[in-house]
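Novice: Starting off with a structure, shown below.
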Amino acid sequence: MAHITENYDVVVIGAGHAGCEAALAAARLGMETIMFTVSISNIALMPCNPNIGGSSKGHLVKEIDALGGEMGKNIDKTFIQSKMLNKSKGPAVHSLRAQADKEAYQREMTKVVFNTEHLTVRQAEVTELIVEDKVIKGVKTYSGATYYAKAVIMTTGTYLKARCIYGDVSHATGPNGLPAAVGLSQSLLDNGIELYRFKTGTPARIDKNSIDFSKMEEQKGDEEIVPFSFTNTEEDIKRDQISCWLTYTNEETHDIIRANLHRSPLFSGAIEGTGPRYCPSIEDKVVKFSDKNKHQVFIEPEGENTNEMYIGGMSSSLPEDVQYAMYRSVKGLENAKIVRNAYAIEYDCINPMQLRSTLEFKTISGLYSAGQINGSSGYEEAGGQGILAGINAAMKIQGREEIVLDRSQAYIGVLIDDLVTKETHEPYRMMTSRAEYRLILRQDNADLRLTKIGHDVGLISDERYEHLLWKEKMIEQETERVSTKMIGANKKVQAFLEAHESTPLKTALSLADLIRRPELSYDVLEEIDDERPGLPKEVTDQVEINLKYDGYIKRQMKQVEQFKKMEEKLIPEDIVYEEVGSLRIEAVQKLNKFRPRSIGQASRISGVSPADVSVLLVYLTSQRGK
């Protein structure tokens with residue numbers, strides 16, 4: 001029987017948020033790319049929350065955009081509400097979050113994918129990797145077709161041997177009742193790849209017409225809209241916004257849950273997978289935080305043309321009857337009609353410690369992995385890994401140097417470094433607290449950090465890069481101007497300072513010194529700054545942040561210098577740790593298991609002590625001498 005055989009540069013398995021970014025990056029870099037999905041109608045599906053961004057995740061989306069990815073542009077086209085989180089805190093933790101119209105988000109991303117040169121989309125289930133002499137050669141599908149390739153990127157999300165569960169109901173499906181991918185797991189095991197079993201969950205969707213919003217607190221979007229993509233301005237994307245709503249669970253809700261814990265597959269042992277600690281189910285919350293008599297519940301629209309409302313904060317795998325009782329005990333949901341049940345999903349993922357920092361497998365050349373299959377969670381984490389895997393697959397094929405973002409360059413760098421060096425026993429979630437250098441890894445400067453890399457790779461146009469260079473120059477010039485322009489202690493200035501409850505001047509001060517005062521800002525000082533050039537907000541915001549946080553930023557830059565020294569001390573791939581004298585046995589075992597790329601990475605491995613790092617440094621210096 002004849003089977004189809006085709007040849008490509010890159011095969012991408014899966015068309016979720018990681019798959020789309022990986023396939024678009026590879027195709028835009030000239031690679032003939034084919035992306036497989038179990039269902040064409042679910043490209044860029046949002047099976048869980050209907051939003052993009054949020055605390056620390058907003059940083060990831062901005063970074064994807066700065067590198068030349070699509071997620072930021074796509075949410076700018078399809079958001080129904082936009083909000084900047086953590087505004088009362090410093091700029092390092094400001095995080096943009098937008099509610100998406102799920103259907104529109106998918107539709108727009110599908111349109112981009114289908115209209116990208118060098119990119120083919122195919123509905124088929126990949127069941128087998130073709131590996132020869134530890135080199136990937138392609139994949140086989142369920143129908144027996146063979147697709148040869150120079151690189152393969154796995155972005156299977158939560159589909160591998162997936163099982164959706166609530167109460168004693170268990171369906172062997174992927175999210176939203178889509179077919180699970182059942183064949184590929186065995187092929188991974190046959191090729192020596194270690195798998196974990198993880199789980200995540202989603203809340204019910206409730207019919208809007210059955211909700212009493214008068215009993216809830218309205219949550220409106222921001223007046224000022226900040227785009228996710230650096231290619232957009234507020235004017236480009238401003239539109240009418242749709243409200244979200246806030247309500248709370250109560251003691252009755254908690255009693256219903258406690259009385260039915262024995263029927264929850266989470267607690268009965270029916271679910272074997274490990275769930276995400278930072279996105280727990282409502283059952284988990286009630287058990288772990290038994291002292292709390294209420295939990296926040298966010299009611300979020302899934303789109304403009306649907307009545308489905310997402311019940312944020314109440315994901316569950318309790319039986320159907322308990323779900324009804326539990327949701328209807330919440331204020332405003334007394335008459336709730338469930339459109340889709342809440343469920344938990346259990347799936348196979350890989351142990352990400354098998355990957356290099358480039359997201360290529362250490363043991364199989366040309367095989368990459370990105371997204372939830374790597375033990376992470378979230379659309380944004382997936383997209384960040386996807387664009388890196390797509391870039392690196394193309395770089396490898398072209399014989400160019402692959403991109404490794406380190407912890408001082410990007411949240412994406414922190415995310416990947418955590419996955420490949422720290423043992424992941426639960427779905428990984430990005431948080432601002434994971435980034436040591438978060439003061440310089442702000443979402444507002446992602447373009448200044450990463451767009452040059454995107455341009456060097458070939459994903460950022462010359463025109464966009466020229467704009468970046470202009471912006472850098474303007475920031476520098478305006479910082480210099482406000483640092484040297486002196487403001488005298490005249491009547492007008494003293495009256496201005498008094499009006500803004502700011503200490504009067506004894507002698508002349510520079511504009512920069514005034515900007516540094518907490519109660520003043522660059523914008524407010526326009527009144528006494530008569531030589532001000534008309535600069536866009538993207539420039540003036542940077543000037544203000546750099547001046548206000550100058551001391552802290554300088555201190556962090558010094559820390560980064562020390563960090564970089566350790567990251568640049570590369571460890572030879574063929575090092576034999578047993579030959580390094582004085583290394584402790586545990587350190588040898590851990591170093592052999594991880595095979596770190598640098599001294600910096602070695603120092604972050606649990607079980608490798610500072611003394612072991614010193615021994616390694618001495619050994620490497622002596623070897624270089626030879």
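Novice: Can you tell me which residue within region 276-319, out of those that are open to solvent by 20 Å² or more (accessible area, probe 1.4 Å) and β-branched (Val, Ile, Thr), is modelled with the highest pLDDT?
Specialist: Ranking the candidates gives THR306 first.
Residues are listed down the side, and each one gets a yes or a no for (1) modelled with pLDDT under 95; (2) of a type in the set (Lys, Arg); (3) open to solvent by less than 10 Å² (accessible area, probe 1.4 Å); (4) part of a helix (DSSP H, G or I):
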residue	(1), (2), (3), (4)
MET1	yes, no, no, no
ALA23	no, no, yes, yes
GLY30	no, no, no, no
SER41	yes, no, no, yes
LEU45	no, no, no, no
LYS62	no, yes, no, yes
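Novice: Among the candidates ASP417, ASP406, single out the residue that is in contact with a helix residue (DSSP H, G or I) (Cβ under 6 Å, 6 or more places away or on another chain), in contact (Cβ under 8 Å) with a residue 40 or more places away in the chain and not aliphatic (A, V, I, L, M).
Specialist: When all the criteria are applied, what remains is ASP406.
Novice: Hey, can you tell me all the residues within region 374-424 that are outside any helix (DSSP H, G or I) and aliphatic (A, V, I, L, M)?
Specialist: Listed by number, the residues that qualify are ILE403, VAL404, LEU405, ALA410.
Novice: Name the single residue, out of those in region 566-590 being in a helix (DSSP H, G or I) and touching a residue at least 24 places away in the same chain (Cβ under 8 Å), that is farthest from LEU359 (Cα to Cα).
Specialist: Going through the qualifying residues, I end up with ALA587.
Novice: While we're looking at this one, here's another question. May I ask you to say which residue of VAL493, VAL482 is out of contact with any Lys or Arg (no Cβ under 8 Å at 6 or more places or on another chain) and modelled with pLDDT of 95 or more?
Specialist: VAL482
Residues are listed down the side, and each one gets a yes or a no for (1) charged (D, E, K, R); (2) under 23 Å from ILE34 (Cα atoms); (3) surrounded by fewer than 22 Cβ atoms within 10 Å (Cβ to Cβ); (4) out of contact with any Phe, Trp or Tyr (no Cβ under 7 Å at 6 or more places or on another chain):
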{"site": "GLY90", "(1), (2), (3), (4)": "no, no, yes, yes"}
{"site": "GLU103", "(1), (2), (3), (4)": "yes, no, yes, yes"}
{"site": "GLU108", "(1), (2), (3), (4)": "yes, yes, yes, yes"}
{"site": "GLU132", "(1), (2), (3), (4)": "yes, yes, yes, yes"}
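Novice: Kindly indicate whether THR540 is among the β-branched types (Val, Ile, Thr), at pLDDT below 90, over 20 Å from ASP417 (Cα atoms) and part of a helix (DSSP H, G or I).
Specialist: no
Novice: Still on this model: Quick one: in region 507-536, which of the residues that are part of a loop (DSSP other than H, G, I, E, B) and of a type in the set (A, V, I, L, M) is surrounded by the most Cβ atoms within 10 Å (Cβ to Cβ)?
Specialist: So, considering only residues that are part of a loop (DSSP other than H, G, I, E, B) and of a type in the set (A, V, I, L, M), the one surrounded by the most Cβ atoms within 10 Å (Cβ to Cβ) is LEU520.
Novice: Go through region 58-99 residue by residue and tally those that are of a type in the set (Asp, Glu) and more than 19 Å from ARG438 (Cβ to Cβ).
Specialist: Final tally of qualifying residues: 2.
Novice: Could you pull out every one of the strands (runs of 3 or more DSSP E) wholly within region 77-187 that has 1 or more residues that are at pLDDT 95 or above?
Specialist: Answer list for region 77-187: 79-85, 95-100, 119-123, 126-132, 135-141, 146-148, 151-154.
Novice: Pick out the one residue from THR173, THR158, THR202 that is closer than 27 Å to PRO280 by Cβ, touching a Gly at 6+ places or on another chain (Cβ under 8 Å) and open to solvent by less than 60 Å² (accessible area, probe 1.4 Å).
Specialist: Going through THR173, THR158, THR202 in turn, just one is closer than 27 Å to PRO280 by Cβ, touching a Gly at 6+ places or on another chain (Cβ under 8 Å) and open to solvent by less than 60 Å² (accessible area, probe 1.4 Å): THR158.
Novice: Within region 328-372, can you find the residues that are open to solvent by less than 30 Å² (accessible area, probe 1.4 Å) and among the small types (Gly, Ala, Ser)?
Specialist: Matches in region 328-372: SER329, GLY332, ALA336, ALA342, ALA344, SER357, GLY366, SER369, ALA370, GLY371.
Novice: Identify, please: which residue in region 384-439 is within 13 Å of the chain's Cα centre (by Cα) and of a type in the set (Phe, Trp, Tyr) and is, among those, most open to solvent (accessible area, probe 1.4 Å)?
Specialist: Once the filter is applied, the top-ranked residue is TYR428.
Novice: What about ALA151, is it in contact (Cβ under 8 Å) with a residue 24 or more places away in the chain and touching a helix residue (DSSP H, G or I) at 6+ places or on another chain (Cβ under 6 Å)?
Specialist: Against the criterion (in contact (Cβ under 8 Å) with a residue 24 or more places away in the chain and touching a helix residue (DSSP H, G or I) at 6+ places or on another chain (Cβ under 6 Å)), ALA151 qualifies.
The values are calculated or read from the model by the stated rules, or taken from the named source; none is laboratory data. The model shown is predicted, which means the values in this text are computed figures rather than measured ones. Don't worry about glycine lacking a Cβ; one is built from the backbone with ideal geometry, like all the others, and counts go over all protein chains shown. The area values use the complete protein model at the heavy-atom level, side chains included, leaving out ligands, DNA and RNA. Shrake-Rupley method; radii C 1.70, N 1.55, O 1.52, S 1.80 Å.
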